[in-house]
Amino acid sequence: MGVCPKGALELVETWVEVDENTCITCGICDRICPVGAIEVMK
Ligand code: SF4
């Protein structure tokens, strides 16, 4: 998905999966999600 600079987000049917091996916990997806569906835990 375009919001992630590392390409760690993937739309799978009706949900989003995060590749934990690729995610750098930058928090962009957390800040940009309009419904607060993602919370980055550091
Ligand atoms: S925290 Fe950053 S790197 Fe991780 S999934 Fe969200 S946008 Fe991508």
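Brief remarks follow.
- Take the Cα of residue 3, go 7 Å toward its beta carbon, and the backbone nitrogen atoms of segment 16-35 under 17 Å from that spot belong to 16-20, 23-35.
- Across the alpha-carbon atoms of the chain, the computed radius of gyration and Dmax are 9.6, 27 angstrom.
- Structure-based [θ]222 nm, the chain - -39500 (n - 2.57) summed over DSSP H runs of at least 4, per residue, nearest 500: -2500 deg cm²/dmol
- Estimated dipole of the chain in Debye, rounded to 20 [Cβ of Lys and Arg +1, of Asp and Glu -1, Cα centre]: 240 debye
- Segment residue 26-residue 39, extension gain: residue separation times 0.36 nm, minus the distance between their alpha carbons: 3.6 nm
- Relative contact order (percent, whole number), the chain, Cα cutoff 8 Å, 6+ residue spacing: 29 percent
Coordinate-derived values only; no laboratory data. As the structure is a prediction and not an experimental result, all values here were calculated from the model. We place every Cβ from the backbone using ideal geometry, glycine too, and count neighbours over all the protein chains shown.
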